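Down below is the structure, laid out as structure tokens.
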């Protein structure tokens, strides 16, 4: 496991409005870079989809109204799940923690780690604020990850097609434009409340 951390100072209350506007701009930008891009081969398209999903994952975490309650020691733990490509997961984790726009979320520093354990037992009583899938696991592991998120009231996000329909809480819908994609039943079962603005720009699978 590799540990990265990004930090930032307290965020003034009025910045919430700025972030809402920025979210709308982000959705438009991602639409332009993914939907309107020239035809890509399957691998290149999947890589672009994962990169786009990673950006929307940060927005999804920031939309969780109870995110501060999910911090431990004043920090947010975010896990990046992989199956056999640890190096790629570490690259995604590093991009999330140190890339452009990697400021703290809700004023809380972010600590990222990678794991291939779908049960997350290695973390004992430490529960991450969110989980991002960098590779698509088999059906059994995916079910375990979905159940973990629901049981612990945590966001699980995947950029892979079909995962939201299979119970993963968050992902992305690539249609006329790219939008966040949410499984409504999983959201309710997880007892997670998201900002109204985020939901207004989100496609909900029911």
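Here is how the numbers come out for the structure above:
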item: Neighbour-count order for 64, 41, 157, fewest beta carbons within 10 angstrom listed first; result: 41, 64, 157
item: For 179, 200, order by how many other beta-carbon atoms lie within 10 Å, fewest first; result: 200, 179
item: Cα gyration tensor, segment 67-154 - rounded (a/c under 1.5), prolate or oblate; result: oblate
item: Order of 115, 83, 202 under a 10 Å beta carbon neighbour criterion, fewest first; result: 83, 115, 202
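Values in this text are rule-based calculations from the coordinates and carry no lab data. Quick caveat: nothing in here was measured; it's all calculated off a predicted structure. Here Cβ is always computed from backbone atoms with ideal geometry, including for glycine, and neighbour counts include all displayed protein chains.
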